[in-house]
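A short write-up of the structure that comes next.
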Amino acid sequence: MKDGRKLIADLGALRPGAIYFRAHNLLNTGDGTPAFKWGSTNIYTEDRNGKPIYDFTVVDRIIDTYLARGVRPYLQVGFMPQALSSAPAGTPYQHGWRPGFAYELIGGAWNAPPRDYGKWAELVYRWTRHNVD
């Protein structure tokens with residue numbers, strides 16, 4: 001977002017290494033373009049045969065931005081990548097909620113449980129391992 005790096009730097013300058021920051025939507029499918037109450041990293045997709053594809057590029061940029069500015073990332077495991085969502089077919093993935101709309105409209109396939117808990121567990125494991133490495 002506009003001025004995001006500056007804001008993170010201002011927060012980090014308050015107490016370098018002692019400020020934690022948490023972002024939502026770190027596992028959401030998308031190209032990283034933000035929207036109101038929405039973010040995405042495209043960390044997990046699948047090929048046409050259902051084989052997982054892991055891409056840590058966007059989420060690494062987010063974490064690196066925090067660390068470079070003295071902020072410690074507090075990583076939330078959420079929400080559900082589109083390829084793993086158990087939402088019924090036809091459920092929109094990204095919500096279009098805006099201030100003034102009923103809050104229950106903020107739902108979508110992004111907040112459904114995984115359709116495959118084995119693939120979900122492997123994603124969480126690989127992301128954790130990637131972060132440790």
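Can you list residues whose amide H is under 5 Å from Ile19's amide H, if they're 5+ apart or on another chain and H is modeled 1.01 Å from N?
Here the answer is Arg72, since their amide H atoms fall under 5 Å of that of Ile19.
Given a 1.4 Å probe, how much area per residue of the chain is accessible, in Å²?
62 Å²
Could you tally the net charge around Asp3, taking each other residue with its Cβ under 15 Å from the Cβ of Asp3, Lys/Arg +1 and Asp/Glu -1?
Neighbourhood net charge equals +3.
Residue-wise, which Karplus ³J(HN,Hα) couplings in Hz belong to the stretch 10-24, taking 6.51 cos²θ - 1.76 cosθ + 1.60, θ = phi - 60°, and x for glycine or proline?
Using θ = phi - 60°, the values come out as 4, 5, x, 6, 4, 7, x, x, 10, 9, 10, 9, 10, 10, 7 Hz.
Tell me which residues come under 5 Å, amide H to amide H, from Ser85 once H is placed; ignore anything under 5 positions away on its chain.
Result for Ser85 returns Arg115.
Please report, as a whole percent, how much of the solvent-accessible surface of the chain comes from carbon and sulfur atoms (probe radius 1.4 Å).
Taking all protein chains in place, the chain shows 56 percent carbon and sulfur surface.
Amide H of Glu46 versus every other amide H placed in the peptide plane: which residues, excluding those fewer than 5 positions away on the same chain, fall under 5 Å?
Answer set, sorted by chain and number: Ile53.
Could you pull out the longest piece of the chain with no exposed loop trypsin sites (Lys or Arg not before Pro) in it, calling a site exposed if DSSP puts it outside H, G, I, E, B and it has at most 14 other Cβ atoms within 10 Å?
My reading of the result: 49-114 is the longest stretch.
Evaluate the distance, in nm, between pseudo-label points positioned 7 Å from the Cα of Thr57 and of Glu104 along their respective Cα→Cβ axes.
Modelled inter-label distance: 4.0 nm.
The values are calculated or read from the model by the stated rules, or taken from the named source; none is laboratory data. The structure presented is a predicted model; accordingly, all values stated were derived computationally and were not measured. Neighbour counts are summed over all protein chains in view; Cβ atoms, including those assigned to glycine, are modelled from backbone coordinates with ideal geometry. For the accessible areas, the whole protein counts, side chains as well, though only heavy atoms, and no ligand, DNA or RNA atoms are used. Shrake-Rupley method; radii C 1.70, N 1.55, O 1.52, S 1.80 Å.
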